[in-house]
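The values are calculated or read from the model by the stated rules, or taken from the named source; none is laboratory data. As the structure is a prediction and not an experimental result, all values here were calculated from the model. Here Cβ is always computed from backbone atoms with ideal geometry, including for glycine, and neighbour counts include all displayed protein chains. In case anyone asks, the SASA skips ligands and DNA or RNA and just uses the protein heavy atoms, side chains included. Shrake-Rupley method; radii C 1.70, N 1.55, O 1.52, S 1.80 Å.
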Amino acid sequence: MLDTFNSISLSHKTAPLHVRELIALSEEEAKRLMLRLRDFFGLSDLLIISTCNRTEVYYASEQGGANLNADIVRLLLIEKGLTDTDQYLPYFQFFARHEEAVRHLFEVCVGLHSQVVGDMQIPNQVKQAYQWSADLDMAGPFLHRLMHTIFFTNKRVAQETAFRDGAASVSYAAVELIDELVGDRQDPNVLVIGLGEIGTDVCRNLADRNVKNITLCNRTQAKTEVLAEQYGFRIADFANLTDEIRQADVIISSVMRDEPLITPTLLQGVTVLTYKYFLDLSVPRSVDTAVEQIPGVLVYNIDHIRNRADEALNQRLAAIPKVEAIIDQAVTEFGDWSKEMIVSPTINKLKNALEQIRKDEIARHLKHLTPDESEKVEKITRGIMQKIIKLPVLQLKAACKRGEAETLIDVLNDLFDLENHTADEPSRLQ
């Protein structure tokens, strides 16, 4: 049985933004770290999730334990150029028990631990992380089954509860904040910089709220043109960023880069007559905090942004007990499946042993049978074999749930001398 699944987690619940942005991983960095973790520690079923709110590593290992978790964190920090590892270790949370790690991954993927509860971006981010694992051939049968169980659970949550109603994502929260900031000002000029997943979601929410005077500014022109045509937004040349900021009332930035894009130097000469609001949705931050020294400029980073959709939030909070019940059921069913992994080889060996007996006995009499008789014998004996093996399989399943499978495995091995048989095919429990 694979019961060695573990997790380490750094999130908005354990670390402030300036720490999270130091440790956030790009796709290239995540894949490089996965290769190093495999080579250094022999880890398998590796999954790395890195978003603006969390960086987490999930893995399977025969070693396990707090020492291995700490070593993984140290390697992660060193890969990010942070050599004073002891300074950052307290920000990480360890899930060293198999059941805790599995449960935590379910809850993260559904959105129970998102900064804006029920964030709809997290399922797509987890799917992307899963794709990284698959690309590197680091997702074994356990992780494949776990992720597809989680995806099905997500679908149930969306269909059976109000937990996803209202689209209260971080980007939606940013759009909600605009109303509060500009007050009664009619049709403020909004500039959206960066059109990644968050920037694209901002555009969708702006369009849904019928916000006018939207300008898009992005280095990749093709994506800008698609969104501008879809929503009727204006396009700005990235080279004219300073002029565009000068004209805008609200600037929403979700640019992925190592250093801030918007700095006092970039804004040199920009005069603010009333107020200019910068909503920084990037990790690492793309708006230098020093720009707040410019009179009239206010900066809101991702930790400042709170949920503005009160009705949606209340619906989601009210739905949490039902969401947890769905997760409980899914975790239990997945736990039963993972426990049954220990008996799969035994079941296959038993099937192969019975099948060999059946074939040997039929072969002794085939020369005396007509083709029709042979077909009937084949059908009858296969049916008998299925009936014989059904009860042992059911008993093994039940023993798995009771934690007593090893005893039955030993009995079957002795009765049928299964150690001399091989499990040629993956188990298909009846």
Practice item. Quick one: which strands (runs of 3 or more DSSP E) lie wholly within segment 1-114 and hold at least 1 residues that are in contact (Cβ under 8 Å) with a residue 12 or more places away in the chain and within 14 Å of the chain's Cα centre (by Cα)? Key: 5-11, 44-50, 54-60
Check your understanding: Any idea which residue in segment 155-176 is modelled with the lowest pLDDT, counting only those that are under 12 Å from residue 202 (Cα atoms) and assigned to a helix (DSSP H, G or I)?
Key -> 170
Review point. What are the pairs, 6+ residues apart or on separate chains, where a residue within segment 268-288 that is within 20 Å of residue 188 (Cβ to Cβ) has its Cβ under 6 Å from a residue that is of a type in the set (Ser, Thr, Tyr)?
Key: 279/300; 280/253; 280/286; 281/254; 287/253
Practice item. Only residues that are closer than 19 Å to residue 247 by Cβ, surrounded by 22 or more Cβ atoms within 10 Å (Cβ to Cβ) and in contact with a helix residue (DSSP H, G or I) (Cβ under 8 Å, 6 or more places away or on another chain): list them for segment 277-307, please. Key: 278, 279
Check your understanding: Can you name the residue in segment 126-143 that is assigned to a helix (DSSP H, G or I) and touching a strand residue (DSSP E or B) at 6+ places or on another chain (Cβ under 8 Å) and, of all such residues, is farthest from residue 45 (Cα to Cα)?
Key -> 126
Review point. Among the residues of segment 94-130, how many are open to solvent by 10 Å² or more (accessible area, probe 1.4 Å) and farther than 16 Å from residue 197 by Cβ?
Key: 13
Study note, to complete from the structure: Note: among 66, 60, 24, 70, just one is of a type in the set (A, V, I, L, M, F, W, C), surrounded by fewer than 17 Cβ atoms within 10 Å (Cβ to Cβ), at pLDDT below 95 and touching a strand residue (DSSP E or B) at 6+ places or on another chain (Cβ under 7 Å), namely 66
Review point. Which condition number does residue 214 fail, the rest of (1) over 26 Å from residue 318 (Cα atoms); (2) surrounded by 17 or more Cβ atoms within 10 Å (Cβ to Cβ); (3) within 16 Å of the chain's Cα centre (by Cα) being met?
Key: (3)
Review point. What do you reckon, is residue 378 surrounded by 12 or more Cβ atoms within 10 Å (Cβ to Cβ) and without any contact (Cβ under 8 Å) to a residue 24 or more places away in the chain?
Key: yes
**Study point:** Qualifying residues in segment 222-257 (those that are in a helix (DSSP H, G or I) and of a type in the set (Asp, Glu)) - the one most open to solvent (accessible area, probe 1.4 Å)
**Key:** 229
